[in-house]
Amino acid sequence: VYIIKVTWSNGCTEVIYRRYSKFFDLQMQMLDKFPMEGGQKDPKQRIIPFLPGKILFRRSHVRDVAVKRLIPIDEYCKALIQLPPYISQCEEVLQFFETRPDDLMPPKE
């Protein structure tokens, strides 16, 4: 689980918790919704940032993989919100960063 500090344009700050699988789901939604910007027709036209792919690993390696993904996920979030508003402010992105009920009761570990 990744801890993300979200600062909205009105100055409101919230902390949310997201699993890697939720980032992956968002990425798939973005590529489906914006195929041109995702580089499906012409890879040179891609502006949607890359997200590290899913990795199969043993339970003992969960923390190692999560730590290795920290910087790429941070870079992904920053790049995503720098995209043109029609992408960075689309419903899928806004919903991803909105506080959810389970964010109010964060994971114990």
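The values are calculated or read from the model by the stated rules, or taken from the named source; none is laboratory data. What you are looking at is a predicted structure, and each value in this text was computed from that prediction instead of being measured. Counting neighbours? That spans all protein chains shown, and the Cβs are built from the backbone with ideal geometry, glycine included. Ligands, DNA and RNA are stripped out before the accessible areas are found, and what is left, the full protein with its side chains, is counted by its heavy atoms. Shrake-Rupley method; radii C 1.70, N 1.55, O 1.52, S 1.80 Å.
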* Limited to the stretch 84-97, what total is found for residues that are touching a residue at least 12 places away in the same chain (Cβ under 8 Å) and in a helix (DSSP H, G or I)? -> 5
* Structure fact -> A careful count of residues in the stretch 1-34 that are part of a helix (DSSP H, G or I) and over 14 Å from residue 77 (Cβ atoms) gives 7
* **Cβ-Cβ under 6 Å pairs, at least 6 apart or on other chains, the stretch 66-83 side over 15 Å from residue 22 (Cβ atoms), far side open to solvent by less than 80 Å² (accessible area, probe 1.4 Å) and part of a helix (DSSP H, G or I)** => 81/88
* **Residue, most open to solvent (accessible area, probe 1.4 Å), within the stretch 4-39, restricted to residues that are in contact with a strand residue (DSSP E or B) (Cβ under 6 Å, 6 or more places away or on another chain) and free of Cβ contacts under 8 Å to residues at least 40 places away in the same chain** => 5
* Of the criteria (1) modelled with pLDDT of 80 or more; (2) in a loop (DSSP other than H, G, I, E, B), which one residue 54 fails -> (1)
* To do: Search the stretch 64-81 for residues being surrounded by 10 or more Cβ atoms within 10 Å (Cβ to Cβ) and more than 13 Å from the chain's Cα centre (by Cα), and hand back the single one that is modelled with the highest pLDDT.
  => 68
* **Residues being open to solvent by 90 Å² or more (accessible area, probe 1.4 Å) and either more than 23 Å from residue 97 (Cβ to Cβ) or within 11 Å of the chain's Cα centre (by Cα) (or both) - total across the stretch 40-55** => 6
* Structure fact -> Filter the stretch 93-104 for residues that are among the acidic types (Asp, Glu) and open to solvent by 50 Å² or more (accessible area, probe 1.4 Å); the one that is modelled with the lowest pLDDT is 102
